[in-house]
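Peer 1: Structure below; questions to follow.
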Amino acid sequence: MTAPIRVLICDDQVLIRTGLSTIIDAQPDLEVAGECGDGRAAVDLAAKLRPDVVVMDVRMPVLDGIEATRLLAGAGVPHPVKVLVVTTFNLDEYVYEALRAGAGGFLLKDAPPSQLLQGIRTVAAGAALLDPEVTRQLVGRYAARIRPTGDAARDIPLTPRELEVLRLIADGLSNNEIAAALVISRETVKTFVSRILTKLGLRDRVQAVIYAYRQGLVT
């Protein structure tokens, strides 16, 4: 029997935490590992409990959700934890900052329970919650803030074909669309994507898009 996905809930509103706990614990493949009310407590509890996913609010006391996400899943974290940011604030700035901080996805609290549950499962599986086109539009909107690193693109440890696939990922193409564009199978595309993420030390397609912008591969 497969072990359930263990979820840590971090929100400063007790009613929200209770509601999320009830929804999550009702699923046979999910369980609540713990709850807390601020970002600092989330970081400390995650280190202690090692949950599979942290459901993180944005605006909280002591330490906000963006900074807590950066400490849990950001670049250079030795044992990153997957984070799903769930907030009442539908601001592009929050979405952008959450993804930059290392979040695997972003949902609004008014999303239906089924979407929240699927979001937890998606993030736990290591996939980005935002679809490729939404990711492209989001990161593209803030591309001016993602400064290319000069000549660093010359040092990218990818083959020409892998670079081509990375550019198409950054352009917002799905695996099926990349397969059609390059006249290769979808399974071959999945292999390329996996190699790219492994070679570059990236967690998912969201990070791959940001990486491509930083390296000046797309504009």
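Peer 1: Within the group 87, 2, which residue is of a type in the set (Ser, Thr, Tyr) and farther than 18 Å from residue 119 by Cα?
Peer 2: Every option except 2 fails the conditions.
Peer 1: Of everything in segment 201-216, what is surrounded by fewer than 19 Cβ atoms within 10 Å (Cβ to Cβ) and touching a helix residue (DSSP H, G or I) at 6+ places or on another chain (Cβ under 6 Å)? Give them in sequence order.
Peer 2: Hits for segment 201-216 are 202, 216.
Peer 1: Something else: Here is a check on your reading of the model: is residue 196 modelled with pLDDT of 90 or more, within 18 Å of residue 75 (Cα to Cα) and not assigned by TED's automatic domain parsing to the domain that holds residue 84?
Peer 2: yes
The values are calculated or read from the model by the stated rules, or taken from the named source; none is laboratory data. These numbers come from a predicted model, not from an experiment. Cβ coordinates were reconstructed from backbone atoms using ideal geometry, including for glycine residues, and neighbour counts include every protein chain displayed.
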